[in-house]
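Worksheet: one structure, shown below.
The values are calculated or read from the model by the stated rules, or taken from the named source; none is laboratory data. Nothing here was measured: the structure is a model prediction, and the numbers come from that model. Ideal geometry is used to build each Cβ from the backbone, glycine not excepted, and the neighbour counts take in all protein chains shown.
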Amino acid sequence: MNARLRILVIDDDADIRLLLRELLERAGYTVDEAADGKTGLRHLFSNAPSLVILDVTMPDMDGYQTLERIRDLSDVPVLMLTARTQELEKVRGLSAGADDYVAKPFGRQELLARVQALLRRTGGKTEVIEAYSDDFVEIDYAQRHVRVQSRDVQLTPLEFKLLAAFVQNPNQVLSRDQLLDLVWGDPYGVSGDQVKLYVGYLRRKLVPDAPETAPIETVRGFGYRYRRTAPS
């Protein structure tokens, strides 16, 4: 089964990439490499991996920024590598959507065991979300590009994640705590007022002249619901 599973290694250190390639290929996996986050994201689209091994410290787009983009696109398991061993760093990575965390220098057998455990958990099956569209909005996840009825809309990263949470759960009521978990990654450490505030921001971005007509409705006492007007 391993031969059918593809692992993407994103690390700016060529020696680490070589070490991981040799270790993983010896175990029977197919390995793709990327020296930076942007190249890694392109690999995510062109050859969807079963697992990503992601370095934290990289130039331009660091591991946390890359992880944020990955989570916009896919639920692929992510194993983060870091030379930082503080507990807060591990908590930050796991809260951002990483599935496991290994400190450098790492033991080869330990890393391989963690890879195998993550793949067993997911069965090696992942999906990359490339785009979404309905009668109201079109979303290009790779470019973070949003169009509303042929008009380009500029969203902040948080607004984009909020919109993505809504369209990926159409016609479902999402509670404040669910949105805090999906968008902020923490249902307890962020004020619930942030949800109401950012839903208001998003509505005004989507329909500046009449934000109350945006297809994000308030369900009093429960939360919010995105009304999808046509199948994606």
When residues of the range 158-183 are filtered for being among the hydrophobic types (A, V, I, L, M, F, W, C), touching a residue at least 24 places away in the same chain (Cβ under 8 Å) and part of a helix (DSSP H, G or I), how many remain?
9
Only one residue in GLY223, GLY185 is surrounded by 13 or more Cβ atoms within 10 Å (Cβ to Cβ) and more than 22 Å from the chain's Cα centre (by Cα), so which one is that?
GLY223
Going through the range 136-157 in order, the residues found to be closer than 9 Å to LEU206 by Cα and in contact (Cβ under 8 Å) with a residue 60 or more places away in the chain are VAL137
Give the number of residues within the range 36-45 that are within 15 Å of LEU5 (Cα to Cα) and of a type outside the set (A, V, I, L, M, F, W, C).
1
Residues located in the range 80-127, provided they are at pLDDT below 90, surrounded by fewer than 16 Cβ atoms within 10 Å (Cβ to Cβ) and assigned to a helix (DSSP H, G or I)
GLU87, LEU88, VAL91, LEU94, SER95, ARG120, ARG121, THR122
Which listed residue, of LEU180, LEU206, is surrounded by 17 or more Cβ atoms within 10 Å (Cβ to Cβ) and under 23 Å from ASP140 (Cβ atoms):
LEU206
